[in-house]
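The values are calculated or read from the model by the stated rules, or taken from the named source; none is laboratory data. Just so it is clear, the structure is predicted and the values come from calculations on it, not from any experiment. We place every Cβ from the backbone using ideal geometry, glycine too, and count neighbours over all the protein chains shown. Just the protein is used for accessible areas: all its heavy atoms, side chains included, with ligands, DNA and RNA removed. Shrake-Rupley method; radii C 1.70, N 1.55, O 1.52, S 1.80 Å.
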Amino acid sequence: MPGLVIECEYNLEYGKDKICLQDSAISTFNNFVIVDDLLATGGTAKSIIDILERKKKQVLALSVVVELSYLEGYKKLNIPIHSEVQY
């Protein structure tokens, strides 16, 4: 059985979703860089940041392969964003 799970619900363009992290997976670390394939509206990244900050962790940056900059998801995030491709 998994240990304590931390959850954060967020809105999608078409509904809701939820991010879950196992507390023990992040307990020994203090600094994080989030890596994702896509930054669109920023909901997923913002949820992960919120979870980590609630646990008093520091998020240093977000690294994504593709950023859909016209959706302005970067405006929800107050961390540096590194994207390989921007549309």
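Summary of computed values
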| quantity | calculated |
| --- | --- |
| Subset of segment 18-53 [more than 13 Å from the chain's Cα centre (by Cα) and of a type in the set (D, E, K, R)] | Asp23 |
| Qualifying residue in segment 54-75 (condition: farther than 27 Å from Tyr87 by Cβ and of a type in the set (A, V, I, L, M)) | no |
| Subset of segment 27-63 (residues that are open to solvent by less than 80 Å² (accessible area, probe 1.4 Å) and in a helix (DSSP H, G or I)) | Gly43, Thr44, Ala45, Lys46, Ser47, Ile48, Ile49, Asp50, Ile51, Leu52 |
| Residues satisfying the stated conditions in segment 64-76, i.e. in a loop (DSSP other than H, G, I, E, B) and open to solvent by 50 Å² or more (accessible area, probe 1.4 Å) | Glu72 |
| Counted residues, segment 10-26 - those being loosely packed, with under 11 Cβ neighbours inside 10 Å and of a type in the set (Asp, Glu) | 1 |
